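Quick notes on the structure that follows.
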Amino acid sequence: MTVTLSPDVIALIEARMNAHGYPSADELVRDALRLMDGDYSIENDPDALRALLQEGLDSGEPLEVEADDLESHIIHGTPLRSR
């Protein structure tokens, strides 16, 4: 199957791959489809849950950020600014 994606969607996929450690776009899309279908739950994956918790603990001091800045960070990968 061949799918044509806009540059914005390609950038979003690449940002999510980098942020979440996906080795390929195929794996990211597969997990996204599982989430959409309700076939995947982080609560049922203790290893993934532990990894996410450790990532949070290792990420440094918490930042207080505005919701718009967080949304921009998630969607576009823009750096977070502390309030």
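Charge dipole of the chain (Cα centre as origin; +1 on each Lys and Arg Cβ, -1 on each Asp and Glu Cβ, all else neutral): 160 debye, rounded to the nearest 20. Extension gain for VAL3-LEU49 works out to 13.4 nm (0.36 nm per residue, less the C-alpha to C-alpha distance).
Legend: helices of the chain (whole DSSP H runs) are marked when their alpha-carbon atoms reach 15 angstrom or more along the helix axis and their mean Kyte-Doolittle hydropathy is at least -0.5; marked are 7-20, 25-37, 46-58. Full extension of the chain between LEU12 and ASP58 yields a length gain of 14.1 nm, computed as 0.36 nm times the residue separation minus the alpha carbon distance. Going from the residue with the fewest nearby Cβ atoms within 10 Å to the one with the most, MET1, MET36 rank MET1, MET36.
Connecting C-alpha atoms closer than 10 Å in a GNM of the chain, tell me which of LEU35, LEU70, LEU53 has the biggest fluctuation. Per the Cα network of the chain with a 10 Å cutoff, LEU53 tops the list. Per residue of the chain, the DSSP helices (runs of n ≥ 4 H) give a summed -39500 (n - 2.57) that works out to -19000 deg cm²/dmol at 222 nm. If you take the alpha carbon atoms of the chain and fit the smallest convex hull around them, that volume is 128 Å³ per residue.
Each reported figure results from applying straightforward, stated rules to the coordinates on display, with no laboratory input. Being a predicted model, the structure only gives us computed values, none of them experimental. Positions of Cβ are backbone-derived with ideal geometry, glycine not excepted, and every protein chain shown enters the neighbour counts.
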